[in-house]
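What follows is one structure encoded as structure tokens, with my remarks underneath.
What follows draws every value from the coordinates through simple rules; no lab data is involved. Every value quoted in this text rests on a predicted model; they were computed, and no experiment measured them. Here the Cβ is made from the backbone with ideal geometry for all residues, glycine too, and neighbour counts use every protein chain on show.
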Amino acid sequence: MAISKSMAQALNVQFNEELNSAYLYESMAADFYAKNLPGFAVWMTMQAGEERTHAEKIHRYLDGHGERVFYGALAEPQATWKSPLEAMNDALGHEKHISSCIHKLVREARKADDIATESFLAWFVDEQVEEEASAQSLIDKLEMVGDNKFGLYQLDKEVSVRRQQDA
Ligand SMILES: [Fe+2]
């Protein structure tokens, strides 16, 4: 079944949002590497990779409906963050923004009675719940560690291992 041009366009916007997310997280990873936090850097690099797979999913969905994607401009991401906590708070804020974009798309699909797109988006709705929860859990840990440098050193090691096990 074909999808409407406006639905295709809205999905294309989301395609670019996902690529922008990847770009932001790569920038956070670069900042973590620069600040000797290789574990957080690995975590963010893997997160960026996930965002690209999200874009890829949308790409394939549009292809499957005889549509194509268009690459928009990427926003220049912030380059440095004061602390890992500030970066993770920004990451959580960004994920909340993405969740609201996805929810908006779901509403649009419902309005258009586009059941296929609504079903396609269900995966993203669930994924966003996980994304927000994993960012929040890192924030909780960073808050626990506070200004303790040794704690941060330990946490940096832990997040890298955990993330690679989960992948
Ligand atoms: Fe995403």
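Residue 69 - would you say it is out of contact with any Asp or Glu (no Cβ under 7 Å at 6 or more places or on another chain) and either crowded, with 19+ Cβ neighbours inside 10 Å or without any contact (Cβ under 8 Å) to a residue 24 or more places away in the chain (or both)?
Details: out of contact with any Asp or Glu (no Cβ under 7 Å at 6 or more places or on another chain): yes; either crowded, with 19+ Cβ neighbours inside 10 Å or without any contact (Cβ under 8 Å) to a residue 24 or more places away in the chain (or both): yes.
For residue 69, the condition - out of contact with any Asp or Glu (no Cβ under 7 Å at 6 or more places or on another chain) and either crowded, with 19+ Cβ neighbours inside 10 Å or without any contact (Cβ under 8 Å) to a residue 24 or more places away in the chain (or both) - is met.
Is it the case that residue 109 is assigned to a helix (DSSP H, G or I) and closer than 22 Å to residue 60 by Cβ? Can you show your working first?
Numbers: assigned to a helix (DSSP H, G or I): yes; closer than 22 Å to residue 60 by Cβ: yes.
For residue 109, the condition - assigned to a helix (DSSP H, G or I) and closer than 22 Å to residue 60 by Cβ - is met.
Check 39, 93 and return the single one that is under 19 Å from residue 141 (Cα atoms), free of Cβ contacts under 8 Å to residues at least 12 places away in the same chain and in a helix (DSSP H, G or I).
Of 39, 93, the one residue that is under 19 Å from residue 141 (Cα atoms), free of Cβ contacts under 8 Å to residues at least 12 places away in the same chain and in a helix (DSSP H, G or I) is 93.
Considering only residues that are touching an Asp or Glu at 6+ places or on another chain (Cβ under 8 Å) and within 12 Å of the ligand (Cβ to nearest atom), which ones fall in the stretch 97-111?
98, 99, 101
Go through the stretch 15-61 and give me each residue that's within 16 Å of the ligand (Cβ to nearest atom) and of a type in the set (A, V, I, L, M, F, W, C).
Within the stretch 15-61, the subset within 16 Å of the ligand (Cβ to nearest atom) is 15-29, 43-61.
Matches in the stretch 15-61: 15, 19, 22, 24, 28, 29, 43, 44, 46, 48, 55, 58.
Any chance you could count how many residues in the stretch 112-127 are away from the ligand (no atom under 16 Å from the Cβ) and either part of a loop (DSSP other than H, G, I, E, B) or more than 12 Å from residue 10 (Cβ to Cβ) (or both)?
From the stretch 112-127, those away from the ligand (no atom under 16 Å from the Cβ) are 112-119; that's our starting set.
Remaining after also requiring either part of a loop (DSSP other than H, G, I, E, B) or more than 12 Å from residue 10 (Cβ to Cβ) (or both): 112-116, 118-119.
Residues flagged as away from the ligand (no atom under 16 Å from the Cβ) and either part of a loop (DSSP other than H, G, I, E, B) or more than 12 Å from residue 10 (Cβ to Cβ) (or both) within the stretch 112-127 amount to 7.
What about residue 87, is it more than 16 Å from the ligand (Cβ to nearest atom), of a type outside the set (D, E, K, R) and buried (at least 19 other Cβ atoms within 10 Å of the Cβ)? Outline the logic, then answer.
Working: more than 16 Å from the ligand (Cβ to nearest atom): yes; of a type outside the set (D, E, K, R): yes; buried (at least 19 other Cβ atoms within 10 Å of the Cβ): yes.
For residue 87, the condition - more than 16 Å from the ligand (Cβ to nearest atom), of a type outside the set (D, E, K, R) and buried (at least 19 other Cβ atoms within 10 Å of the Cβ) - is met.
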